[in-house]
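**Student:** Input: one structure, supplied below.
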Amino acid sequence: MLNNKLLLQMKNTLIAPSVLAADFANLQRDIEMINASEADWFHIDIMDGVFVPNISFGMPVLEAISKHAKKTIDVHLMIVDPDRYIKTFADLGANVLTVHYEACTHLHRTLQAIKASGMKAGVALNPHTSVTLLEDVINDIDLVCIMSVNPGFGGQSFIENTYEKVRQLKALITKKGAATQIEIDGGVTNKNAKQLAEAGADVLVAGSYVFGAQDPIATVADLKKLTAF
Ligand code: DX5
Ligand code: ZN
């Protein structure tokens, strides 16, 4: 009985490798590798060259990924006017669809549209955007993605102020009785993963740290172990 209770209380931080750092010439191989690992989600970065100064990949590539991916597909839209594509991403197999706070004039309406399409609704915050801006909408958000780098590129270094934002967001979620998950995106490694989980993070995105590793499967296992307590 005691053991069961302890198990139930254990924190299981989710790990979401970012496919942006995969080898696109061997995409199927890399997707199968994540399928075989302890990773929980696939994180998919869609960039339009307008909201962020980079273009990643679009619908045909996501369609190809969806065909092989056996885990939750977490799509991070770094695009202007995301409302135009909500249905498209639902049809392509997205399970979580995250839009940027800074890209949405009518965020509440966008969140309802994402949920009406059968997906979980996420909101990403740029490093300069305060978590307090979500106070009036937090109960409608399934996931908040705190950007721990400026969006647009993989392989950047982690912004230290993120820990404080995670704590503030966790307090807001608790105060409002919301069920929102906290995701961290950018510069996640074994150096900050544990501290992020302790601060209240539920999902850690890791791109270059996983795919750039000698042994990505062992690296994911390591992140899982570090963040379970
Ligand atoms: C950045 C993307 C991230 C990126 C993370 O704009 O949203 O998801 O792929 O890559 P790393 O883990 O290399 O910082
Ligand atoms: Zn991302």
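**Student:** Give the residue, chosen from L196, L226, that is at pLDDT 95 or above and either touching a strand residue (DSSP E or B) at 6+ places or on another chain (Cβ under 9 Å) or within 25 Å of H100 (Cα to Cα) (or both).
**Tutor:** Answer to the check: L196.
Each row is one residue, and each column tells you yes or no for (1) at pLDDT 95 or above; (2) within 15 Å of ligand 1 (Cβ to nearest atom).
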residue	(1), (2)
L8	no, no
N12	yes, no
I15	yes, yes
F24	yes, yes
N35	yes, no
A39	yes, yes
S56	yes, yes
I65	yes, yes
I73	yes, yes
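**Student:** Could you please find all residues in segment 25-43 being among the hydrophobic types (A, V, I, L, M, F, W, C), free of Cβ contacts under 8 Å to residues at least 60 places away in the same chain and more than 16 Å from ligand 2 (Cβ to nearest atom)?
**Tutor:** Of everything in segment 25-43, those that are among the hydrophobic types (A, V, I, L, M, F, W, C), free of Cβ contacts under 8 Å to residues at least 60 places away in the same chain and more than 16 Å from ligand 2 (Cβ to nearest atom) turn out to be A25, L27, I31.
The values are calculated or read from the model by the stated rules, or taken from the named source; none is laboratory data. Owing to the predicted nature of the structure, the values given are computational and were not obtained by experimental measurement. Heads up, the Cβs are rebuilt from the backbone with ideal geometry, glycines too, and the neighbour counts pull from every protein chain shown.
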